[in-house]
Each structure stands twice: as structure tokens, then as C-alpha cells.
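> Before I ask anything, let me first share the structure, which is written out below as C-alpha cells.
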Amino acid sequence: MRRPEPASSGCATDSGTPSCAARLLLEEQFGAGRPLYQLRQAVQAHAAAAGLPGRRVLDMMIAAHELAANAVRHGAGCGRLRIWSQGGALRCQVDNTGPEIAAALKTEAGVNVAAEWPVRHSHGLWMIRQLADQMSIVSGPDGTCATVVFTLPA
């Protein structure tokens with residue numbers, strides 16, 4: 001899996017990554033030395049400024065926190081969060097991709113741990129699917145990239 005390019009550095013063609021028509025609003029690294037409460041505050045502030053209504057701001061913040069917490073707990077302990085506005089929606093992406101993270105994600109059998117995350121009632125991924133308008137997770141040998149979409153009001 002390749003690391004998506006930021007919106008300002010070129011046009012990505014994958015629908016799960018920012019394109020030239022997108023406006024990157026937030027890009028933050030998280031993990032060691034960057035508490036998740038700071039990430040929650042940044043997500044909440046940027047989602048509100050982008051026009052999400054009050055309850056949906058909280059939904060996006062909860063979804064972003066759960067994805068980041070999964071990256072910390074089940075991944076390599078760190079990652080990157082990006083939020084961008086595109087096509088009448090806010091997209092929030094959490095990834096822990098790259099060769100240095102891929103090595104930490106592999107089990108002794110060489111399998112990506114994220115591919116085995118269960119999705120059951122009361123688990124974070126189940127909850128995220130209830131909150132977001134859309135959700136996708138792509139997991140490969142280089143890590144995992146999860147994207148949630150929240151529709152902006154007309």
C-alpha cells in the first residue's frame with residue numbers, strides 16, 4: 001500500500017485520498033509524545049470550523065479518536081490523521097503506513113495484525129460504522145489506512 005500524498009503536493013486518483021479539488025484542513029502525527037486528547041481537540045475544532053453541525057462534530061471526533069486508538073493499540077503505536085473537505089463532505093483518514101510501521105505490524109507468521117481486527121457490537125469499528133456516513137479500511141503489508149466520511153449540510 002502506498003502512502004497517500006497530501007492535497008497540496010499533487011493529485012491523488014484514489015477516492016480515499018485528497019485530490020487537487022480537496023482542501024486539506026488538518027494533518028497531525030500521533031503516538032509517542034502526542035496524547036490522543038490533543039488530537040481529539042484538533043479534530044473537534046477543525047470539524048466545527050468546516051461546518052459540521054454540533055452533534056456531527058462530536059461523531060467525527062469520536063470516530064477519529066477510535067481510529068487513532070486502534071492504530072496505537074493494534075498497530076505500531078503511532079500514525080497520521082488527516083482531515084480534508086471534498087465534494088460536500090469532510091473526510092478523516094488515519095493511517096499507519098510505511099516501511100518502518102509495516103515491520104512493527106507483522107506477527108511472527110508475517111500477517112498484518114490489522115486485518116484480524118474483529119468488528120462486533122460494542123467494538124470501536126462497529127461504533128465508527130454507526131457514526132460515519134461512510135467508512136473504508138485498507139490493510140496491506142505496509143500498514144493500514146482507514147477513512148471515514150461525514151456529509152456536510154447543504
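The values are calculated or read from the model by the stated rules, or taken from the named source; none is laboratory data. Just so it is clear, the model here is predicted, and its values are computed rather than measured. Here Cβ is always computed from backbone atoms with ideal geometry, including for glycine, and neighbour counts include all displayed protein chains.
> Is there any pair with a first residue in the stretch 121-143 that is without any contact (Cβ under 8 Å) to a residue 24 or more places away in the chain and farther than 19 Å from Leu52 by Cβ and a second that is aliphatic (A, V, I, L, M) and not in a helix (DSSP H, G or I) whose Cβ atoms are under 7 Å apart and which are 6 or more apart or on different chains, and what are they?
Pairs found: Trp126/Val119; Ile137/Ala146.
> Kindly state which strands (runs of 3 or more DSSP E) lie completely within the stretch 1-117 and contain at least 2 residues that are touching a Lys or Arg at 6+ places or on another chain (Cβ under 6 Å), at pLDDT 60 or above and β-branched (Val, Ile, Thr).
No strands (runs of 3 or more DSSP E) qualify here.
> Now for a different question. State whether one or more residues within the stretch 61-78 are of a type in the set (S, T, N, Q) and buried (at least 21 other Cβ atoms within 10 Å of the Cβ). Break it down into steps so the answer makes sense when it comes.
To start, the set of residues in the stretch 61-78 that are of a type in the set (S, T, N, Q) comprises 70.
Now restrict to residues that are buried (at least 21 other Cβ atoms within 10 Å of the Cβ): 70.
Yes, that holds for at least one residue.
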